[in-house]
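Chemist: The following block contains the structure, expressed as structure tokens.
The values are calculated or read from the model by the stated rules, or taken from the named source; none is laboratory data. This structure is a prediction, so every number in the text was calculated from the model and none was measured. We place every Cβ from the backbone using ideal geometry, glycine too, and count neighbours over all the protein chains shown. Side chains included, ligands, DNA and RNA excluded: accessible areas come from the protein's heavy atoms. Shrake-Rupley method; radii C 1.70, N 1.55, O 1.52, S 1.80 Å.
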Amino acid sequence: MAYPTTQGQANGVSAADSMLFFADELLSLLHGSTCGRDGLRADRRAATHRETVDAGFIAMRFRLAWLRLPRFALLLLAAINVSAADVDGAAELLSECRHLRLAEPADALPRCEAAAAAMLALDDHEAGFEAWMHAAEVASQLGDRARAEAALDQAVPLLVRVRDPLAAHRLARRRGLNAYRDGRPVDALSRFLEALAAARASDDTQAIAISENDLGVIHRHLGNHAVALGHLQSSLQLRSVHAESGHGALLANIGSLYLELGDLAAARRDLERALDDHRDNGREMQAQQTIEELARLDEREGRPADAQARLRDALDYYRDVRAPRDQLRVALRLASLEAEQGARKPAQAWLEEARRLARELDRHGLLQVELIAARLADSDAARRHTYAALAAALADAGESATARSADAHAALADLAEALGQPQQGLVHLRESHRLATALQDSRHGERLDALRVRFDVARLEAERDRLFAESARQEALVAVRRFETLLVAVAALLALAALAMMSQARLYRQRRHADLQRVALELRIGDARQAATLLRSDLRSTEWLLEQQHRAALVFDAAGTVRAITASAALELGRPLAELQHRKLGEVMDPEVAEWAQSLVDSASLAEGAAGVDLGERLIGGDGMRVRCRKLDLEEELGVLLIGRDAPAAGDTAVAEAAGNDAPSARVEEDSRSAFRSRLVDLMQASTDAWERATRKSRVELAEASGIWRITIDDGRLRVRALDRYLRADTLPERPRWREVLRTAYFVLAEVPLEAEQRQRIESLVEELLHLARDRE
């Protein structure tokens, strides 16, 4: 949103007004107040035409905005609390799932599924896995196989994300329980063996005991009573050794097994202990299932009334918790008991309730209902009705109830024979025989499949044991190899330590030798610098002579640096003497005059003019001040400027005396002259070559760095014509300045990092040149 610039902004008050307007717009958007927003915009438009804003009005607007801040804070707090509310809601759903899964399974199932979805939305995989397992258990109790399998399928991807080491065991066991409930014993056996393997992998005794119990139950169902008893005893032994409590389920299974084996006393003992344990630990569903087993025991002992009483109590509980599958099972048992005792009317009543429950369960168990009804049919009308109902139930059951299908065809054969239809009865009797034979073969096949599964498991366990043994052997070999490697490593370390000591000793010797060489080199560099200093002209005597003559004189070198200046010259230049020493000539006087003087000296040097002769004269001021330039031939090339208003044109005696010729060159002998000049050229060439190789710089930069040779400008290029003359014998001056060549060599030796071979060559040439110079003297 753009705001127009107003006069108020120029007065410095509309910035706060704009900020208030933005705050009011924000609050209006948050609270949905379009009327307030329009009013604020109207106020804003009115304010744009005012030249000033009333301070009290601004304060009031700030107070109104401040009062609205709590409302804004409440909205932010509500948004922050949304996630906390989601967490609390998911936790509450999971708590209800845990509480209701045993007491109210019908109510618990939707809560468990909702809790699982909510926990996964919050990335709480542990709680989500638990909720899905509860949902699968409750759905299985309610007979909803599809929802139970769907819940387990949702839990499978969470195995890799949960920290529970028994998650795989719990999942495999739940699938086994579902398969057992659905009448798939071989699948259940496979799942229970998988759960046992997961429990052993986790080395959890309680989980192993639970899996042993499950295997005992499934083997009992398959008719392998000896194997079943072995698994159950193993489970009980594990629980007893570790003093675990809660043996109700295990004791109930052992009691049921004893009931089938005919040991009624042992069966009653273990079933009653199981019932007490279930009730002590609040497992009411398992307690009611144990009561059903006790009812079977009462029936076997000839106490049908006690059995009926127990079954009615169990049925009342199943009705309370809304478990239709369990209700159907108990109703069928009660109907069968009543039929066996000849109580037709109560039996019919229980069969009607069983039919209702079967319809609720999608006609599940209806075939059992009609089988009992066939036993109660005592008239032709009842037999015809029962025949039709049983045939319809048999058609609905299809191949899913093979065991009862044989009984159903046998009952249909009896009903057909009673109705005077022997041919039809024969058909049913043959079908019953076929189904019974198929059932026997199927059970035999189940036993074979169970044996195959057990054999596969045993083979896999043997392979696992072999792999464990191989792993142990490999670990032993690895330990031996590790020890050998350690010995080799220790030996290698000792060898390396010895080599390191030898290397350190050698390095120490090398460093000591290098230090000695460095000290020697530093001494040689110091000697070179001292020699270069000694070769410089003693300008103090020259300055003293000029002072004695009361002349205003200034001496400068090839680099244009003031080397000596008299007090009279400083007075003439109007500056303190201390400020003029060792300054550039262009800084001491007019740069044009400095360039003129250096050019004259350079030209005279190249022409080898005589020292002490005036090279030129010019005015440097409007009051008649003149300056004369001369060349001073000492050990190095110098120039002299004589400053004065009445300086005579004749040569200056002191300067002429100071500017003596090179003494050795005057006494040059003809036999050593050529050797001396040749060594000068060799030394100059070696010095410049070493400079260029070591520094990657030119001769001009050598002249600039050393300050020995003069740099001139020729056709726009920097040149060192004086230095270049000493690089060739045919261009060497007749009176060479050999000390300047020596100073150049000493500069290179002292200031440039040279290779040993280059340093040795330059030093040898310097010694030869000095020897020749001493011979010439």
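Chemist: Would you confirm, using the coordinates I've provided, whether Ala188 is hydrophobic (A, V, I, L, M, F, W, C), buried (at least 18 other Cβ atoms within 10 Å of the Cβ) and within 44 Å of the chain's Cα centre (by Cα)?
Modeler: The answer is yes for Ala188.
Chemist: Follow-up question, since we're still on this one. Could you tell me which numbered condition Glu522 fails, if it satisfies all but one of (1) within 30 Å of Trp738 (Cα to Cα); (2) assigned to a helix (DSSP H, G or I); (3) at pLDDT below 70?
Modeler: With respect to (1) within 30 Å of Trp738 (Cα to Cα); (2) assigned to a helix (DSSP H, G or I); (3) at pLDDT below 70, Glu522 is out only on (3).
Chemist: Of the residues that sit in the range 560-583 and are surrounded by 14 or more Cβ atoms within 10 Å (Cβ to Cβ) and charged (D, E, K, R), which one is farthest from Leu641 (Cα to Cα)?
Modeler: Applying the filter and picking the extreme gives Arg575.
Chemist: Looking only at the range 223-248, how many residues end up being at pLDDT below 80 and of a type in the set (A, V, I, L, M)?
Modeler: Qualifying residue count, the range 223-248: 4.
Chemist: Another question, then. Please determine, by comparing only the residues of the range 245-270 that are more than 18 Å from His231 (Cα to Cα) and in contact with a Leu (Cβ under 7 Å, 6 or more places away or on another chain), which one is surrounded by the most Cβ atoms within 10 Å (Cβ to Cβ).
Modeler: Among them, the one singled out is Arg268.
Chemist: Of the residues Ala179, Ala172, Ala151, which is surrounded by 16 or more Cβ atoms within 10 Å (Cβ to Cβ) and closer than 20 Å to Ser95 by Cα?
Modeler: Result: Ala151 is the single residue among Ala179, Ala172, Ala151 that is surrounded by 16 or more Cβ atoms within 10 Å (Cβ to Cβ) and closer than 20 Å to Ser95 by Cα.
Chemist: Further question: Which residue pairs have Cβ atoms closer than 9 Å, lie 6 or more positions apart in sequence or on different chains, and pair a first residue in the range 589-601 that is without any contact (Cβ under 8 Å) to a residue 24 or more places away in the chain and under 14 Å from Ile713 (Cα atoms) with a second residue that is of a type outside the set (A, V, I, L, M) and surrounded by fewer than 16 Cβ atoms within 10 Å (Cβ to Cβ)?
Modeler: Close Cβ pairs satisfying both conditions: Glu595/Gly586.
Chemist: Of the conditions (1) closer than 20 Å to Arg518 by Cβ; (2) open to solvent by 10 Å² or more (accessible area, probe 1.4 Å); (3) not in a loop (DSSP other than H, G, I, E, B), Ile762 fails just one. Which one is it?
Modeler: (2)
Chemist: What residue, of Arg466, Arg404, Arg447, Arg452, is assigned to a helix (DSSP H, G or I) and more than 30 Å from Arg220 (Cβ to Cβ)?
Modeler: Arg466
Chemist: When the residues of the range 104-123 are filtered to those that are more than 30 Å from Asp316 (Cβ to Cβ) and in a loop (DSSP other than H, G, I, E, B), which remaining residue is farthest from the chain's Cα centre (by Cα)?
Modeler: Ranking the qualifying residues of the range 104-123, first place goes to Leu122.
Chemist: If we keep just the residues of the range 354-368 that are at pLDDT 85 or above and open to solvent by less than 30 Å² (accessible area, probe 1.4 Å), which is nearest to Gln341 (Cα to Cα)?
Modeler: Looking at the filtered set, the residue picked out is Ala354.
Chemist: Scan Glu126, Glu130, Glu137, Glu149 and give me the residue that is under 41 Å from the mean Cα position of the chain (by Cα) and within 27 Å of Gly445 (Cβ to Cβ).
Modeler: Glu149
Chemist: Which ones in the range 712-759 are within 21 Å of Ala675 (Cα to Cα) and part of a loop (DSSP other than H, G, I, E, B)?
Modeler: Within the range 712-759, Arg728, Leu732, Pro733, Glu734, Arg735, Pro736, Arg737 meet the criteria.
Chemist: Sticking with this structure for a sec: When you scan the range 596-619, do you find a residue that is at pLDDT 65 or above and over 28 Å from Glu734 (Cα atoms), even just one?
Modeler: yes
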